[in-house]
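Below is one structure, written out as structure tokens, with a few remarks after it.
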Protein chains: 2
Amino acid sequence: MTTSRPRQLHLNAFLMNAGHHDAAWRHPGTQPERVTDLRYFQHLARTAERGLLDSVFLADGLALFNKVRHNALGGFEPLTLLSALAAVTERVGLIATVSTTFNEPFHVARKFASLDHLSGGRAGWNIVTSGTVAEARNFGQDEHLEHRLRYERAREFVEVATRLWDSWADDAIVLDRERGIYADTDRVRAINHRGEYFGVEGPLNVPRPPQGHPLLVQAGSSEDGKEFAAQYAEAVFTAQQTLADGQAFYKDLKSRLARYGRTEDQLLILPGIAPVLGSTEAEARALEQELTDLQVPEYGLAQLSGMLGVDLTGLPLDGPLPELPEERDINGNKSRFTLVAELARRDGLTLRELIARLGAGRGHRVFAGTPEQVADQLEEWFTQGAADGFNVMPPLLPGGLEDFVDHVVPILQRRGLFRTEYTGRTLREHYGLARPDNAAPAPAS
Amino acid sequence: MTTSRPRQLHLNAFLMNAGHHDAAWRHPGTQPERVTDLRYFQHLARTAERGLLDSVFLADGLALFNKVRHNALGGFEPLTLLSALAAVTERVGLIATVSTTFNEPFHVARKFASLDHLSGGRAGWNIVTSGTVAEARNFGQDEHLEHRLRYERAREFVEVATRLWDSWADDAIVLDRERGIYADTDRVRAINHRGEYFGVEGPLNVPRPPQGHPLLVQAGSSEDGKEFAAQYAEAVFTAQQTLADGQAFYKDLKSRLARYGRTEDQLLILPGIAPVLGSTEAEARALEQELTDLQVPEYGLAQLSGMLGVDLTGLPLDGPLPELPEERDINGNKSRFTLVAELARRDGLTLRELIARLGAGRGHRVFAGTPEQVADQLEEWFTQGAADGFNVMPPLLPGGLEDFVDHVVPILQRRGLFRTEYTGRTLREHYGLARPDNAAPAPAS
């Protein structure tokens, strides 16, 4: 994209039940009784849209895990929830997490094409490979597909989905009532894919999406994950604890794009940030402490066990982490494992301290301060080569998102760092990313 | 259900692109350019709701087939579209077709649970087994699973989905902020299913749906289909051409319920009707003729070839049907094959005449007349043991649905045959069907 506008940052609101902090639902400012109520999420999406945010995003997993005893769970499947939100919003992008390990490309391509049509070009797909045995066991498998093979499958999956979206030329629908020709079927073609993981004849049974393809998003930061992102992703969500880590990741990932014939502006990097806001710094820190005090240690320990692939049950909370395996032996989320292990090692944290540090962001950066201080942090990362924007993870919902929109966004706008109106209609337009061309199918031979 | 209210009929609006007639999109009264526009379907759903209809319904197929050259196709995936419609309607039920042959029960159970929560208890699942090789070829299979095995898989699929919906007790969420207990996990239990087709550990990652289970709908009228319906379905859509056929089907299906321990009022039978409305009978017949004149014979022939499993390309339109195979040799939609074959034989139709007869309803009953005459037909079938209600298939949309709501519904209301206000909130309440109990999971051993 060539543009004369100054570079501005991009903001995504990561929506999560009663909030991202694992004790959010116990805080009097949240509404855990509403996490299965569409109107609750409607309010969140409209708040993001009121703040002119680029998009809202839903994570996902395909098993209950051990989450529900001590944490609120709505459990909406992302595509159904975002389709409902498409009907009650006008501009904000809608990014759904869908796994390539436990799905079929025909279904997934079709659902995203539907969401893109339904929303007038606002769909994004956060491509995940799923990391747990618990998920495999809901799909007839006792063991989980190996990390490298999951990415191999993901590559073929995305290739097939892309060909399905392109199976209709943009101008295939001619709608000639007089001659009785609705579509020029020379411009709607089978894809005849036969690969390692999938066989898909096509074409898709939905016209090409308004955006050409939905925005492709990725969030794995392992070696496999970064290489996958460099090849396919247009936006990357990532967990980075320090400016230096953020800069290193940014530089590393951007440098990989050239080998896929891509330029650095074709992929945006959005580190996560969990802003704990207060009207004074003391107030923000008090809220952070209040949330820490509400944590259920057993829950934190179970979450930490899951992230590290090590059962920590029964270990003394005020002792250190035990010996951990190497990243190469982890078959789940490799990058999150490494991040948490390094955080504990670097800062010499006890289990209790680590649980407190992970409570608000599950490994994403947490920052407590005033709106001005939060804006300073965002500006620093944005101008110092660590971010093209941010994945905003409010510790409390809806309050934390309302505060961000009402108090942080205006500061960013005054500094010229963020839009003051939506200038585009589609998610790609918000992110400044081109609509992919479709080499229109040639006439039938 | 014991109730003192007089028996009333149930109405479902079957939504279909520009209308059910295969030439609808060529008619000046339709809007084929809007079939990928959410606002178009929003108008249709709100029109159904204005008419106090029980539900709207979307059919589905998992391949493009040969439909798109001569007919309008929006192609929305039903669950995404109905989720969007959930956000802009309040009362009308939302019935989505989803195949058990090309899906996994964990995904399907979860999506319907999501839609049921999103809509406040208005979700219904039309369970289909999919009938074509074209669909199999989009899912890595060269051949299509045999008819009997498709139903075997469907039975296991529905059993697993039901157990997943029941994997949370209705009162599992306790939301005890003080003690930090969100859900009583003794009341959320794995299902540990290992069967012929599926292995699913569970539990589901969504709380039990407001309706307990979404309404289970079925539309196959073959021997396998009827037996499946008798065991599982709570509403059945069926194509019946004559009152006598309708009565025979009704009696047959209702008589099968006892062997599954069910009573006759636990399953509602809704034959399809494509009402071609006019303010006079002559006007209705003129509209019917106008639509016949707009048909593209090649399209009709291709559709007929698909229904009969016989390639009719190039046969003289004014000649008879060729020799047909036996129903037992059909591996697609057996009941539709038999209906069409008998219709042609009984009335001695040429191919052209058969294509005209199938144009408005694809085998469902077509009736052209005034609102009064249509109401008479509905009343006759309803009172003479052929129907508990109707699957209304307007030949033109949105006009045909508006006319039905504005002109036929008031007549039915005046006759005491249809509700004058919604008395329930959920789809089950509209249909007068009980919410299934959940034998709450016992405490962990």
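Each residue of segment A:412-419 is assigned a 3J(HN,Hα), and the resulting list reads 4, 5, 4, 7, x, 8, 9, 4 Hz, derived from the Karplus form 6.51 cos²θ - 1.76 cosθ + 1.60 (θ = phi - 60°), x at Gly and Pro.
Dipole magnitude of segment B:90-232 about its Cα centre, charges +1 at Lys/Arg Cβ and -1 at Asp/Glu Cβ only, in debye to the nearest 20?
Numbers: 17 positive and 22 negative charges, 62 e Å.
In total the dipole reaches around 300 debye.
Helix A:223-232 axis versus longest C-alpha principal axis of chain A: approximately 40°, rounded to the nearest ten.
Since only B:276, B:436, A:244 are under comparison, the one whose Cα sits farthest along the positive direction of the charge dipole of the protein assembly as shown, derived from C-beta charges on Lys, Arg, Asp and Glu, is B:276. The relative contact order of chain B, computed from alpha carbon pairs under 8 Å that lie at least 6 residues apart in sequence, is 24 percent. Set Lys and Arg Cβ to +1 and Asp and Glu Cβ to -1, take the dipole of segment B:307-356 about its Cα centre, and tell me which of B:314, B:348, B:331 lies farthest positive. It is B:331. Here the Karplus relation 6.51 cos²θ - 1.76 cosθ + 1.60, evaluated at θ = phi - 60°, turns the backbone of segment A:175-191 into coupling constants of 6, 8, 4, 4, 8, x, 9, 7, 10, 7, 6, 5, 10, 10, 10, 4, 9 Hz, with x for every Gly and Pro. Label-point distances for residue A:7 to the equivalent site in the other copies, using a point 7 angstrom along Cα→C-beta, read 7.3 nm when ranked shortest first.
Note down the net charge around residue B:177, summing +1 for each Lys or Arg and -1 for each Asp or Glu among other residues with Cβ under 15 Å from its Cβ. List each step's numbers first, then the result.
Details: positive: A:26, A:34, A:69, B:179; negative: A:22, A:33, A:290, A:293, B:176, B:178, B:184.
Every neighbour counted, the sum reads -3.
Per the Debye formula on identical point scatterers at the alpha carbon atoms of the protein assembly as shown, with no solvent, log10 I(q)/I(0) at q = 0.07, 0.09 Å⁻¹ is -0.56, -0.92.
Using the Karplus relation 6.51 cos²θ - 1.76 cosθ + 1.60 with θ = phi - 60°, the per-residue 3J(HN,Hα) values for segment A:259-272 come to 5, 9, x, 10, 9, 5, 7, 8, 9, 9, 10, 10, x, x Hz, with x marking Gly and Pro. Comment: the Cα-to-Cβ extended label point of residue A:33, at 7 Å, lies 5.0 nm from its counterparts in the other copies, nearest first. The distance linking segment A:284-356 with segment B:1-54 is 54 Å (Cα centroid to Cα centroid, whole angstrom).
When only Cα pairs below 8 angstrom with a gap of at least 6 residues are kept, segment A:326-418 shows a relative contact order of 20 percent. The simple Förster model, with R0 at 45 Å and r as the Cβ-Cβ distance, assigns residue B:50 and residue A:437 a FRET efficiency of 0.55.
Between B:207, B:271, B:28, the Gaussian network model of chain B with springs among Cα atoms under 10 angstrom shows the greatest mean-square fluctuation at B:28. Near residue A:367, the amide H atoms lying under 5 Å from its own belong to A:274, A:276; only residues 5 or more places off or on other chains count, and H is placed 1.01 Å from N.
In whole angstrom, how long is each semi-axis of the equivalent ellipsoid of segment B:363-406, when you take the square root of 5 times every eigenvalue of its Cα gyration tensor and sort them from largest down?
Numbers: eigenvalues 72, 27, 18 Å².
Ellipsoid semi-axes (Å, largest first): 19, 12, 9.
Here residue B:149 and residue B:176 are evaluated by their C-beta separation; at R0 = 56 Å the FRET efficiency comes out at 0.75. Across q = 0.12, 0.19 Å⁻¹, segment B:64-197 modelled as identical point scatterers on its alpha-carbon atoms has Debye log10 I(q)/I(0) values of -0.63, -1.20, in the order of the q list. Under a 5 Å amide H cut-off, with hydrogens placed 1.01 Å from N, residue A:126 pairs with A:96, A:97, A:98, A:217 among residues at least 5 apart or on other chains.
Taking segment B:225-279, which GluC sites (Glu not before Pro) meet the DSSP loop condition and have no more than 16 other C-beta atoms within 10 Å?
Details: sites: B:227, B:234, B:264; in loops: B:234.
Within segment B:225-279, no GluC sites (Glu not before Pro) qualify (loop, at most 16 other Cβ atoms within 10 Å).
With the Cα gyration tensor of segment A:224-371 giving a ≥ b ≥ c as the square roots of its eigenvalues, does the rule (a/c under 1.5 for rounded; else a/b larger than b/c for prolate; else oblate) give rounded, prolate or oblate? Taking the square roots of the gyration eigenvalues as a ≥ b ≥ c, segment A:224-371 is oblate. Proximity of backbone amide H atoms, modeled 1.01 Å from N, is registered between residue A:181 and A:176 at under 5 Å, excluding neighbours fewer than 5 places apart on the same chain.
Each other copy places its own label point for residue A:315 at 7.4 nm from this one, sorted shortest first, where the point lies 7 Å along the Cα-to-beta carbon line.
Rounded to the nearest 0.05, what FRET efficiency do residue A:266 and residue B:329 have when you use their Cβ-Cβ distance and R0 = 60 Å? The value I calculate is 0.65.
With contributions of -39500 (n - 2.57) from each DSSP H run of at least four residues, the per-residue ellipticity at 222 nm computed over chain A stands at -11000 deg cm²/dmol.
What is the extension gain from residue A:133 to residue A:280, computed as 0.36 nm multiplied by their sequence separation minus the C-alpha to C-alpha distance, in nm to one decimal? Before the final figure, lay out each step's value.
Numbers: separation 147, 0.36 × 147 = 52.92 nm, distance 4.42 nm.
Stretched fully, the residue A:133-residue A:280 segment lengthens by 48.5 nm.
With a cap of 11 neighbouring Cβ atoms within 10 Å, and only residues DSSP puts in a loop, list the GluC sites (Glu not before Pro) found in segment A:343-445.
On the way: sites: A:353, A:372, A:379, A:380, A:402, A:421, A:429; in loops: A:421.
Those that pass, being in a loop and sparsely packed, are A:421.
What does the C-alpha gyration tensor say about the overall shape of segment A:1-151? Classify as rounded when a/c is under 1.5, otherwise prolate if a/b is larger than b/c, or oblate. Taking the square roots of the gyration eigenvalues as a ≥ b ≥ c, segment A:1-151 is oblate. The simple spin-label model puts a point 7 Å past each Cα toward its Cβ; for residue A:156 and residue A:194 those points are separated by 1.3 nm. Structure remark: mean-square fluctuation, Gaussian network model of chain A, C-alpha springs under 10 Å; the largest value among A:345, A:179, A:208 belongs to A:179.
What is the magnitude of the charge dipole of segment A:117-193 about its Cα centre, with +1 placed on the Cβ of each Lys and Arg, -1 on the Cβ of each Asp and Glu, and no other charges, expressed in debye to the nearest 20?
Numbers: 11 positive and 14 negative charges, 27 e Å.
It comes to approximately 140 debye.
FYI, it's all coordinate maths here, none of it is from the lab. Small disclaimer: the values here were computed from a predicted structure and weren't measured. Virtual Cβ from ideal backbone geometry, glycine too; neighbours counted across all protein chains shown.
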